[in-house]
Amino acid sequence: MAKTINQMSIQVKFFASLRDKIGKADIELDAAKDPAEAWALATDNAPRPDNILVAVNLDYARFDTPVKDGDEVAFFPPVTGG
């Protein structure tokens, strides 16, 4: 489907345990102003775990970071290393 002039599209991705909990790896949204709204829309307002991380276009971000057309928003649990 072709986008209309003012239509926005962002890709939302879930990784690791979040993918399992949410039940999907990715979803395309028509619009979201920031990662917090993207989470709400993509998960049907599921509670957001306190410790999850977010990235916009592969850069760590805050949940109030603005997103724009074509952006990728990714949610993932904290990374631990050893």
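The values are calculated or read from the model by the stated rules, or taken from the named source; none is laboratory data. Quick caveat, the model's predicted, so the values are computed rather than measured. Remember, those area values only see protein heavy atoms, side chains included, never the ligands or the DNA or RNA. Shrake-Rupley method; radii C 1.70, N 1.55, O 1.52, S 1.80 Å.
Within the chain, antiparallel bridges make up roughly 75 percent of the DSSP beta bridges whose residues both belong there.
Based on DSSP H segments of at least four residues, each scored -39500 (n - 2.57), the chain has a per-residue ellipticity at 222 nm of -4500 deg cm²/dmol. Per residue, the chain exposes 66 Å² of solvent-accessible protein surface, assessed with a 1.4 angstrom probe and all protein chains in place.
Accessible area of segment 20-82 with a 1.4 Å probe: how many percent of it is carbon plus sulfur? Within segment 20-82, the accessible surface is 50 percent carbon and sulfur. Only Cα sites of the chain enter the Debye sum here, all with the same form factor; the resulting log10 I(q)/I(0) across q = 0.13, 0.16 1/Å is -0.38, -0.56, listed in q order.
Measuring nothing but how far apart in sequence close Cα pairs (under 8 Å, 6+ apart) lie, relative to its length, the chain scores a relative contact order of 38 percent. Close lysine pairs were tallied over the chain: pairs 8 or more places apart or on different chains with Cα atoms under 19 Å apart number 7.
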